[in-house]
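What follows is a short report on a single structure.
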Amino acid sequence: MNELYNRKLSWIDVSTAKADLIEIEQKLLKYSQQYVVWDIDDLSKAPPWGDKINPQIKSLANYFTAANGRTFFEVMCVAMDVAKEDKCDIKLRHI
């Protein structure tokens, strides 16, 4: 997963990265949304919406959910599956 921090993950490393991603998700399932860190440089900062979050959010594993209901982890797992199947790298970019 360190490669993703540098914005590129080779398709060859996808299986290892996906295992890491699943492990991270399993660990985050143990923490409620009250433990979200919004700003690593200022731990007192809270998200702009405060504590008004969707009641379906039960842990940090599903804290970031897309409009279609898919979690960050679900989206990344699908991207990794496609990258492996198509033998293409994953590149992250700012939008």
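The values are calculated or read from the model by the stated rules, or taken from the named source; none is laboratory data. Predicted model only: the values in this text are computed from it and were never measured. Quick reminder, even Gly has a Cβ in these numbers, built from the backbone with ideal geometry, and neighbours come from all protein chains shown. In case anyone asks, the SASA skips ligands and DNA or RNA and just uses the protein heavy atoms, side chains included. Shrake-Rupley method; radii C 1.70, N 1.55, O 1.52, S 1.80 Å.
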- Task: Would you please give the residues with an amide H less than 5 Å from that of LEU29, counting only those at least 5 places away or on a separate chain, with H modeled from the backbone geometry?
- Result: ALA61
- Task: Only helical DSSP H runs with n ≥ 4 go in: add -39500 (n - 2.57) per run for the chain, normalise by residue count and round the 222 nm mean residue ellipticity to 500 deg cm²/dmol.
- Result: -11000 deg cm²/dmol
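Write down the accessible area per residue of the stretch 10-77 in Å², having rolled a 1.4 Å probe over the full set of protein chains. Please list the in-between numbers first.
Numbers: 5030 Å² over 68 residues.
Value returned for the stretch 10-77: 74 Å² of accessible area per residue.
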- Stick to the Cα atoms of the chain, pair each with every other, and give me the Kirkwood hydrodynamic radius in Å at one decimal. 14.8
- Using Cα pairs under 8 angstrom and six or more residues apart, how large is the relative contact order of the chain, in percent? 42
- Item | For LYS8, residues with placed amide H under 5 Å, excluding near neighbours | LEU92
- Query: Once phi is turned into θ = phi - 60°, what whole-Hz ³J(HN,Hα) does the Karplus curve with 6.51, -1.76 and 1.60 give for every residue of the stretch 79-86, x standing for Gly and Pro?
  - Reply: 4, 5, 4, 5, 4, 5, 5, 8
- Cleavage-rule hits, chymotrypsin sites (Phe, Trp or Tyr not before Pro), the stretch 1-86, DSSP coil, Cβ neighbours within 10 Å at most 11: TRP38, TRP49
- Note on the structure: The answer for trypsin sites (Lys or Arg not before Pro) in the stretch 24-95 that fall in a DSSP coil and have at most 16 neighbouring Cβ atoms within 10 Å is LYS30, LYS45, LYS52, LYS58, ARG70, LYS87, ARG93
- Accessible surface of GLU85 - all protein chains present, 1.4 Å probe, nearest 10 Å²: 150
